Amino acid sequence: MMETKNETTVLEFVLEEFHVARHLGKVLFLVHLLLYLASVLGNTLIIAITWIDTRLQTPMYFFLRSFSFCECCFISTVIPKLLSIFLFGDRGIHFTPCIIQAFFFLFLGSTIFFHMAVMSLDRYLAICKPLHYPTIMNPRVCFLLVFFSYALSFILITGIILKLSWLSFCGSRIIPHFFCDLASLVHLSCSDTESLERMTFGVALLVLFTSFFAAVFAYSNILISIMHLPSAKDRQKAFSTCSSHLIVLSLMYSSCVFIYAKPKQTSRLESNREAALVNTVVTPLLNPVIYTLRNKQVHQALRDALTRVNLQK
């Protein structure tokens, strides 16, 4: 901490520990380490199998591969520090790493939501416009959609983080969270944060509702198209290709809307921590499970890969 006249400027923050960590720190470390490794391995498996198998070289799996990559990076911005807290009680984090962590958490999180919007539109075109789908979703368009997901997120989040870094932090340096959460940092600032809160609320609405309206538009049209299919088998096959995506969407929205889509970011900080834990630990683990267990093409690709490995041995 650096003292200037009667003012004390915070150069290091302290992340608030979980009360149960005092007695169960090593147990929590082991549990979260296993969840983290399982999530990273699951998403890495999706990336590898969709990259290697030529049958999975389609727009749907191109977007899924990029989505899984984002998920791996997203959880890696938060979980390693959380593991350090559980194992060593290392709750201190300097100002610059804290701001960097906040940036990558928000940047990757918003990119994931833009990816979900793209994946929704991809399923809409594949089911509702099958004849035009190969022409519309060509490799160049797929690349541009992913690129703009990253670019737009970078522009939006960079503006927020720049305003955050210009704030003054004095007095309390305890962040009531297990990572450098934006709402918690705003709460600690002794500057006027009204403009930043309005900006954050606007960006949250843009990111969340862009993905939400894309999903509503896509799946309402998909549902209508499925209902007009002649046989029950065709309807079941069409719906099964979308059900995994719908499950992932519902899991993500239930936590993120609760955390970010409210005007006053300083409210409900305690409840935000529990919701964020679900969003950063549980959901990234469930995504590869949902996408692989409910996908016959991925099942076949995995069986073929295992068969090739056994033959080589």
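No lab work stands behind these numbers, since they all come straight from the coordinates. Because the structure is predicted, anything quoted here is derived from the model rather than measured. Glycine gets a Cβ as well: all are built from the backbone with ideal geometry, and neighbour counts include every protein chain shown.
Residue exposure proxy: H115, H187, ordered by other Cβ atoms within 10 angstrom of their Cβ from fewest to most, comes out as H187, H115.
Cβ crowding within 10 Å, taken as a proxy for footprinting-reagent exposure, orders K296, K129 from fewest neighbours to most as K296, K129. Ranked by how many other Cβ atoms sit within 10 Å of their own Cβ, fewest first, the residues H23, H177 fall in the order H23, H177. Given R₀ = 22 Å, FRET efficiency for L152-F201 by Cβ-Cβ distance, to 0.05? Approximately 0.80, to the nearest 0.05. Available extension along the chain between V14 and T307 is 100.5 nm, counting 0.36 nm per residue and deducting the alpha carbon span.
Packing, taken as the mean count of other beta carbons within 10 Å per residue, orders the peptides 166-176, 100-110 from highest to lowest as 100-110, 166-176.
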